[in-house]
Each structure stands twice: as C-alpha cells, then as structure tokens.
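The values are calculated or read from the model by the stated rules, or taken from the named source; none is laboratory data. The model shown is predicted, which means the values in this text are computed figures rather than measured ones. As a convention, Cβ positions derive from the backbone with ideal geometry for all residues, glycine included, and neighbour counts pool all protein chains shown. The area values use the complete protein model at the heavy-atom level, side chains included, leaving out ligands, DNA and RNA. Shrake-Rupley method; radii C 1.70, N 1.55, O 1.52, S 1.80 Å.
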Amino acid sequence: MIKFVHIVFFSFFIFWLSQSKAQKIGLVLSGGGASGLTHIGVLKALEENNIPIDYVAGTSIGSLIGGYYAIGYSPAEIEEIVRTAFFQSITKGDLPVKYEYMVKQRETYASWITFKFNLKDNYLKNLPTNVINSIPIDYYLMETFTGTSNNVNNNFDSLFIPFRCLASDVLHKKSILFKNGDLPSALRASMSYPFYLRPISIDGKLLFDGGLYNNFPTDVMQKEFSPDFIIGSNVSEVAAAPDDDDLYLQLRSLLMNQAEFNPIGENGVLIEPWSDVNIFSFDNAKRLIDSGYAAGMRAIPKIKKQLSRKSNSSELAIKRLRYRKFEDQENVIFDSLVVAGCNTSQCSFVQKSLFYKKEPFTLKQLKKRYFRLASDDKIKNIFPVALKDSITQKYTLKLLGKKEKPFYVDAGAIISNRPISEGFLGLQYNYLGKIGVSAYANGYVGKLYSGTYSKLRFDFPGRLPFYIEPSFTYSRWDYYNSSALFYDFLKPAYLVQEDKFGEVKIGVPVGNVSQINAAAGLTEWRNEYYQTDLFTRRDTTDKTYFNYWYLQSNYRLNTQNRKMYATEGTLINARARFLQGKESHLPGNTSVDTTRFTNELRDPWLQLKFTIDSYIRTFKGFRIGVFGETVYSTQSFFSNYQATILSAPAFNPTPESQTFFIERFRAHNYFAAGLKAITTPVRGLDIRIEAYIFQPVFSILKTQENTAKYSTPFLYRHFTGMAAAVYNTAIGPISLGINYYDQKEYPFSVFFHFGYIIFNRKSID
C-alpha cells in the first residue's frame, strides 16, 4: 500500500513538473500590407492541428491580425471580417454607402481633381500627405477593440493572448513598443504606412508604421516573453534598391532602417507564404488566406516534431466565448465628450454635432453622428479614443480634431469628338465656427455651354442638422454651334438659351443617404430661335422671355458609387414644383407671327417629377440597371410651338442626349423606362448597353400657324439607347460609344468624351 502511494505521488510530481515546464509558444506576424492577410491562413492551419499560441507580436498588418487574435477572435471569424465589403471599403478609405452623409456631400460638377490649400502655408505644406481617408479605419478600430482594451485596464498582458506591437518614431529614428495603453490607438499607429495612412500622435510623438524599423519583431517576442518556441509568419519583402526614376523607392530607402538578425533561431519555424500582390490590394483576401493556409500546413510536420504540447479545440472555443463578453458594444455608453485640436467655437460645432443636450449615448448611436460630422468638408480629421471610468463604468469620448484647409480649387474639363469640349474651374472657401459656412463659385467655358454658379451655405449642427443656401446661376446654351462636327445629325435648328436665376434653399437630412429640401426662386429665362430652317446670318431671331417665380420641394436619395456611369447603388429623386410667370415675345424678321407682346401673365402650373435609377448585382462582373421616370404637369401652351417645346420637360437619359435639343423627347406629361446591361471584363473598364422608351401622354405637335397642340393620348412613343465602353480613371471617365435616337434621318451617332458630362442645373429642370 505504501509502495502504491509512493508511485502515485511520484507520477503526480512528474506530471506537475512536466506541466510547469510546458513549452510556451510565441507567434510573430510580419508587416507587408495586403500580403499580411496570409497570416489568417497560417492561424487556421495552426488551430486545425491543435498548435497552442501563448503570445503574439506583430507589426503593421501583422499587428491588426494579431490584435484580432489577441482579443479572442478565431481565424474563421477574422477571415469573415476581412472578406466583407465593409473591410474592403475602409482599407481604401471609403465609407460603406449606408454611412455616408448625403446632406453634407458636395454637389457634383465636372471636376477632375480638387486641390486643398491654405494661403498661410507654403507649397510643400499644402501637398497631400496621405492617399486614403483614415477616418473610417480610425473609427472601426475604436469600435472593435476599445471594449476589450478598457475592460482589461489597457494591459496587453491581460488580453486573451498576451500581445505586443510596434510603431516607428521617425523623429528619433527608433521603434516604439506597445505593451499597454489604448489598444485601438496602438494598432492604428502600427499601421500608419507613410503616404498611405496619415500618422497619429501618441504621448506627443508622431508615429508611423512599425515596419519602417522592425518589420518582423522576433526580437521583441524573445525579449518580452522568452518563449520556448517561436512560429514566424513572414511576408515582408526584401527592400529593393532605390532607382533614380522611382520617387517611392527613394523615399522608402530614406525612411526604412531594417535591422539584420536571425529571424527565428533554432527553436522555431519560419513560414513564408506566397504573397506576390500589390501592397494595398486587399481585395485578394481569399487567395492570400489560402496561400497562408497551404504554407502553414506544409510547416505542421516540422512544428509537431518539436512540440509535445497540444491545445484542445473545444476548451479553446469555450475560453473564447467567456472572454469575448468584454467586447460587448452595448455596454459602451458615453456620458462625456472632450474635444482637442480646435478653438472654442469649432469645438462647440463638434459638441453640438455629437453630444445632444449632453445626453449619454451608445456606441451604436455615436456611429451615425460620427460619420455625419466626418463627412463635413470643413473637417479634415477626427481621431477617437474611448476612456472608461473605473467607478461609473461609463466612457469619455476624446476626440482630436483638425479642420480642413480653408480653400478648395476644383479643376476639370470635357474633351470630346463633338464641339462640346469645355473647361471647368471651381473655388470654395470654408469657415468653421459655431456654425459652418462655405462660399462656392464655379465657371464653365465652352461652345455648347458657358455659365457660372455661386452660393453661400450655412450649416447648423444639432440633433437635426440643417442648412440654408442662397445661390445664383447664369447659364448660356448654344445648341446650334455645338450640334455637329464629324457627322451630320440632321440640320440643327438655331437655338440659344440664356438662364439666370436666384434661389434660397433649406435642407434637412432624412437618414444618412437622403435629404429633403424646400426652395424658392426667381428666374429670367430667354430663348433665341428661328421658327424656320430657312435663315441667314442677316436675319433676326425670335426671342421669348419667361420671367417667373417658383416654390419647390425635393426629396433625394443617392447610394450610387459614381457621379456618372454608376454600376452600384440607387438614386431616387422626387420633386414637386409650383410656378407662375410672365411671357414676352419679340418676333424676328422670319417669323410668320408678327405679334409682339410683353409681360403676359401665364396661368400657374404644378409639376411633379419622379426618377429612379437602380443597379442590381447578378453575378461577378455583370450588373443590371433599371431606370424609370415620370412627369405630371398642368402646364399650358406658350405663344408658339417653339416656345412651348422649349419650356416642356425633357427626357435626357444618356450623357450625349444632354448635349442635344431633341423635340421628340419633350412632353408635359410622360412615362419613361430603361434597362441597362453592364459587364466589367477588367477592373475599371465597363461595357454598357442601355435602352430606353419614352412615352408621352400627349405629344406636342406643331400646327400650320406655328402654334402648339396635343396629339391623341399615347399616339407616339420614341426609343433611344447607347452602347459604350467606359474606362473609369482616377480623374474621370473615358467613353467611346454609339448612340441611337428614334428619328427618320441619321439615327446613330458616335460619341467620345473624356471627363464628366455634368453642368450647372437649369432653372426649368
């Protein structure tokens, strides 16, 4: 019996000793941009084979993947995250459409590029310092990691897996190690790749990507945790030699200072997956994860040969479930807000935009408000940090804000095979105080269209933010001189329109992606035309003036991905307008009607217009677009046919149709519908086929006396469409296509353009 007790005791002692001496395993994840997604595949291979991980250290993208793993996310959950459209969009600096804030978006013009500058700064300071907008990433990191970080008192040793990450202090030329503090900020600093993501400031130090000085921190793993065995996943590329023609490589060589050391040592395994992709190509997620998984599986036999310890997948899942309660976002409630980086009035604007009457708000409520504020073009950046009060268990939101440069210059052009080419220039000045103020003016100069638009906008923050916007527009359209160049599109009628109108608008948001506004305006509208094709330069034109006032209400929803040639999203526009004015007519010497009159009061009319343009994703590389439009109007005839057709609503569904005046596609009341088929054979290139039907309720016809009359209902219908190849460049679309118009002569036209076919709004539209 005594002998049996000794044997049992000795066996227990040996077991205890072996457990106390159990191998501790560290995982090191390198930087490498999008290539770092291979780390997820490596993690999958390790967990499937019950390889335990006791410590994690990472740099740059390795810090993000390691951070997910350290707070208890499984490899499958991490893979699911990085393959979402949301993750793909924030890595490009884009917000998912549902979080964009339409009421703050700038209007669409023909601009190719926008320069932002401050007159007080020198040239170099006005150059952009980062490619993508970091606001979506900053908020996402705070939202994802702050609950866990604060619940372990910002101690990285108390995470589900103890964790370390690195950033770079380029001023003092050294690495900065994070072992505690705000975890979202540490990850963000570690990922601040120069010229891609802007750097952030922590404890007074401006910090960049940790990979600049240490892209594979096995030395940190050894020093901080002293594991018995290291598994390294490395996708860091060998730095290429600088080239005298490659500015990027020159700057990279100046910034980077990689130390040379044995990355793993004898007690470890180095895994190097295939990862030959562009550093920012995060849309290759599946391919990269599969590569990491394959490389990890190849290394498993070697790892198992050196490790006797195994993890239990069931126990690991239970531990994760218990630990992940820390990330419960519903428990993150903010009861105070601190704003830094701005003056008193600017901070007041931020406070009113986020903290309504100082009522506590949840993380979910903050999200909508936060992106509303961030979408304001007077805000350059806001960086969030959430701090938990250990007594009240409530959070303080600390924001480091920075206002945008006050001046914007928009530049653009339209280049075409037809004489519609023109130049565009816009200038905007922004002021941020207790309210936001912006002043904007633009100008178009071209053969078809010349005009200018100016406005003041006053933005009022609050629970229901709103804006007031007075504006003035002058436009001149010359359809005669711009109708033909390389082909004959019928003999064009002479038509020159001049449009001047002032408007005051007030608008409020309806959710994030739509708004409703009400406006009142005064217009002076002049048309010069001949009522016959038989005219010479010596003949004088007929002139019709229509001076009117209007009231209108407009609802607009827009989730489309481009301001022209969209392939995703939906646009809905609904407008109600009431107007009344006075018509004047001065006949020319070719006019049959020689009656001259001025300021004849016309009957008021009501106009309702509804438009929907939506795209449906069917399968990869192919989309269907659906278009519909209807107009109802109580408008009566003007003094002659030409003046009547000029004032009638127009159906212009394709870019080229906006540059023509086509009588058949105008009516007081109509229905229209269209279908679009879009395929994308290579990235950036769309092949579009669009077909539309235009159905007037009553077509407007010309009498022998040159007056207008209605046809019988639904007597005529017309068709139009286009087939085009569109390449979407960074500054604008390049399109070459064939257009079809339902008419007897020359129904087809070839249309090439580079740039946006977008003009200032007409008063009558």
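Specify the residue that is farthest from GLU498 (Cα to Cα); the eligible residues are those in the stretch 610-655 that are open to solvent by 50 Å² or more (accessible area, probe 1.4 Å) and part of a loop (DSSP other than H, G, I, E, B).
It comes out as LYS620.
Look at GLN23 and say whether it is at pLDDT below 90 and not in a helix (DSSP H, G or I).
Yes: the conditions hold for GLN23.
Yes or no, residue by residue, for (1) part of a strand (DSSP E or B); (2) touching a residue at least 60 places away in the same chain (Cβ under 8 Å); (3) of a type in the set (Ser, Thr, Tyr); (4) open to solvent by 20 Å² or more (accessible area, probe 1.4 Å):
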| residue | (1), (2), (3), (4) |
| --- | --- |
| LYS352 | no, yes, no, yes |
| ASP377 | no, yes, no, yes |
| ASN381 | yes, yes, no, no |
| LEU397 | yes, yes, no, no |
| ALA411 | yes, yes, no, yes |
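Going by what's in this entry, would TYR73 be described as more than 14 Å from GLY36 (Cα to Cα), open to solvent by 10 Å² or more (accessible area, probe 1.4 Å) and touching a helix residue (DSSP H, G or I) at 6+ places or on another chain (Cβ under 6 Å)? Break it down stepwise before answering.
Values: more than 14 Å from GLY36 (Cα to Cα): yes; open to solvent by 10 Å² or more (accessible area, probe 1.4 Å): yes; touching a helix residue (DSSP H, G or I) at 6+ places or on another chain (Cβ under 6 Å): no.
Against the criterion (more than 14 Å from GLY36 (Cα to Cα), open to solvent by 10 Å² or more (accessible area, probe 1.4 Å) and touching a helix residue (DSSP H, G or I) at 6+ places or on another chain (Cβ under 6 Å)), TYR73 does not qualify.
Can you confirm whether the stretch 74-89 contains a residue that is in a loop (DSSP other than H, G, I, E, B), at pLDDT 95 or above, farther than 27 Å from ASP410 by Cβ and small (Gly, Ala, Ser)? Let's see the steps before the verdict.
Going through the stretch 74-89, the residues in a loop (DSSP other than H, G, I, E, B) turn out to be 74, 83-84.
In the following step, the residues that additionally are at pLDDT 95 or above were identified as 74.
Pick out the ones that are also farther than 27 Å from ASP410 by Cβ and you get 74.
After this cut, where a residue has to be small (Gly, Ala, Ser) as well, the list is 74.
Yes, the stretch 74-89 has at least one match.
Can you confirm whether the stretch 174-184 contains a residue that is of a type outside the set (Gly, Ala, Ser), touching a residue at least 12 places away in the same chain (Cβ under 8 Å) and touching a Cys at 6+ places or on another chain (Cβ under 6 Å)? Walk me through it before giving the result.
Pass one, the stretch 174-184, residues of a type outside the set (Gly, Ala, Ser): 174, 176-180, 182-184.
Narrowing the set further to residues that are touching a residue at least 12 places away in the same chain (Cβ under 8 Å) leaves 174, 176-180, 182-184.
With touching a Cys at 6+ places or on another chain (Cβ under 6 Å) added as a condition, the list becomes 178.
Yes, there is a match, as at least one residue in the stretch 174-184 is of a type outside the set (Gly, Ala, Ser), touching a residue at least 12 places away in the same chain (Cβ under 8 Å) and touching a Cys at 6+ places or on another chain (Cβ under 6 Å).
Can you tell me which residue within the stretch 477-512, out of those that are buried (at least 17 other Cβ atoms within 10 Å of the Cβ), of a type in the set (A, V, I, L, M, F, W, C) and more than 30 Å from TYR101 (Cβ to Cβ), is modelled with the lowest pLDDT?
This residue is PHE489.
What residue, of GLY72, GLY41, is over 19 Å from LEU159 (Cα atoms) and small (Gly, Ala, Ser)?
On the way: GLY72 fails: over 19 Å from LEU159 (Cα atoms).
Within the list GLY72, GLY41, the selection yields GLY41.
Could you say which residue among SER735, SER749 is of a type in the set (Gly, Ala, Ser) and either modelled with pLDDT under 95 or open to solvent by 20 Å² or more (accessible area, probe 1.4 Å) (or both)?
The conditions single out SER749.
Might you check whether a residue that is in contact with a Gly (Cβ under 8 Å, 6 or more places away or on another chain), open to solvent by less than 70 Å² (accessible area, probe 1.4 Å) and at pLDDT 90 or above occurs anywhere in the stretch 255-266?
No.
Taking the condition modelled with pLDDT under 90 and either open to solvent by less than 30 Å² (accessible area, probe 1.4 Å) or of a type outside the set (Val, Ile, Thr) (or both), does LEU288 pass? Explain how you work it out, then say what you get.
Numbers: modelled with pLDDT under 90: no; either open to solvent by less than 30 Å² (accessible area, probe 1.4 Å) or of a type outside the set (Val, Ile, Thr) (or both): yes.
The answer is no for LEU288.
Is it the case that the stretch 200-219 has a residue that's small (Gly, Ala, Ser) and surrounded by fewer than 17 Cβ atoms within 10 Å (Cβ to Cβ)?
The answer is yes; a qualifying residue exists.
Hydrophobic (A, V, I, L, M, F, W, C) and out of contact with any Gly (no Cβ under 8 Å at 6 or more places or on another chain): which single residue out of ILE693, ILE624, ILE678, ILE689 fits that description?
The match here is ILE624.
Spot the failing condition for TRP605; the list is (1) over 30 Å from the mean Cα position of the chain (by Cα); (2) crowded, with 20+ Cβ neighbours inside 10 Å, and only one is missed.
Checking TRP605 against (1) over 30 Å from the mean Cα position of the chain (by Cα); (2) crowded, with 20+ Cβ neighbours inside 10 Å, the one that fails is (2).
Quick one: which of LYS357, LYS368 is open to solvent by 60 Å² or more (accessible area, probe 1.4 Å), at positive phi and in a helix (DSSP H, G or I)?
The conditions single out LYS357.
Does the stretch 318-325 contain any residue that is modelled with pLDDT of 90 or more and open to solvent by less than 60 Å² (accessible area, probe 1.4 Å)? Working first, answer last.
Within the stretch 318-325, the subset modelled with pLDDT of 90 or more is 318-320.
Okay, now just the ones that are also open to solvent by less than 60 Å² (accessible area, probe 1.4 Å), so 320.
Checked against the condition, which is being modelled with pLDDT of 90 or more and open to solvent by less than 60 Å² (accessible area, probe 1.4 Å), the stretch 318-325 yields at least one hit.
What residue, of ASN527, ASN517, is in a strand (DSSP E or B), open to solvent by less than 20 Å² (accessible area, probe 1.4 Å) and at pLDDT below 95?
Unique residue meeting the criteria: ASN527.
Taking the condition of being touching an Asp or Glu at 6+ places or on another chain (Cβ under 9 Å) and surrounded by 24 or more Cβ atoms within 10 Å (Cβ to Cβ), how many residues in the stretch 44-67 meet it?
Qualifying residue count for the region: 3.
Across the stretch 28-48, what is the total count of residues that are at pLDDT 95 or above and not in a helix (DSSP H, G or I)?
2
Sort out which residues of the stretch 417-452 are over 25 Å from the mean Cα position of the chain (by Cα), among the hydroxyl-bearing types (Ser, Thr, Tyr) and open to solvent by 20 Å² or more (accessible area, probe 1.4 Å), and write them in order of number.
Hits for the stretch 417-452 are SER421, SER450, THR452.
Consider the stretch 296-316. How many of its residues are of a type in the set (Lys, Arg) and either at pLDDT 95 or above or loosely packed, with under 11 Cβ neighbours inside 10 Å (or both)? Give the derivation first.
To start, the set of residues in the stretch 296-316 that are of a type in the set (Lys, Arg) comprises 298, 302, 304-305, 309-310.
Subset that is either at pLDDT 95 or above or loosely packed, with under 11 Cβ neighbours inside 10 Å (or both): 298, 305.
Residues in the stretch 296-316 being of a type in the set (Lys, Arg) and either at pLDDT 95 or above or loosely packed, with under 11 Cβ neighbours inside 10 Å (or both): 2 in total.
Taking strands (runs of 3 or more DSSP E) that fall entirely within the stretch 123-223, which contain at least 1 residues that are among the aromatic types (Phe, Trp, Tyr)?
Fully inside the stretch 123-223 and qualifying: 163-169, 174-178, 205-209.
Residues in the stretch 586-642 that are of a type in the set (Lys, Arg) and touching a His at 6+ places or on another chain (Cβ under 8 Å): how many?
Looking only at that region, the number is 1.
Kindly provide the set of residues from the stretch 545-570 that are among the aliphatic types (A, V, I, L, M) and open to solvent by less than 30 Å² (accessible area, probe 1.4 Å), ordered by number.
Just the residues of the stretch 545-570 that are among the aliphatic types (A, V, I, L, M), to begin with: 551, 557, 564, 566.
Within the stretch 545-570, MET564, ALA566 meet the criteria.
What residue, of TYR474, TYR440, TYR429, is in contact with a Ser or Thr (Cβ under 6 Å, 6 or more places away or on another chain), among the hydroxyl-bearing types (Ser, Thr, Tyr) and modelled with pLDDT of 95 or more?
Criteria check complete, one pass: TYR474.
Listed residues TYR756, TYR727; which is part of a strand (DSSP E or B) and out of contact with any helix residue (DSSP H, G or I) (no Cβ under 9 Å at 6 or more places or on another chain)?
Just a single option satisfies the conditions, and that option is TYR727.
Consider ARG761 against the criteria (1) basic (Lys, Arg); (2) closer than 21 Å to TYR109 by Cα; (3) at pLDDT 95 or above: it satisfies all of them except one. Which criterion is unmet?
All conditions pass for ARG761, except number (3).
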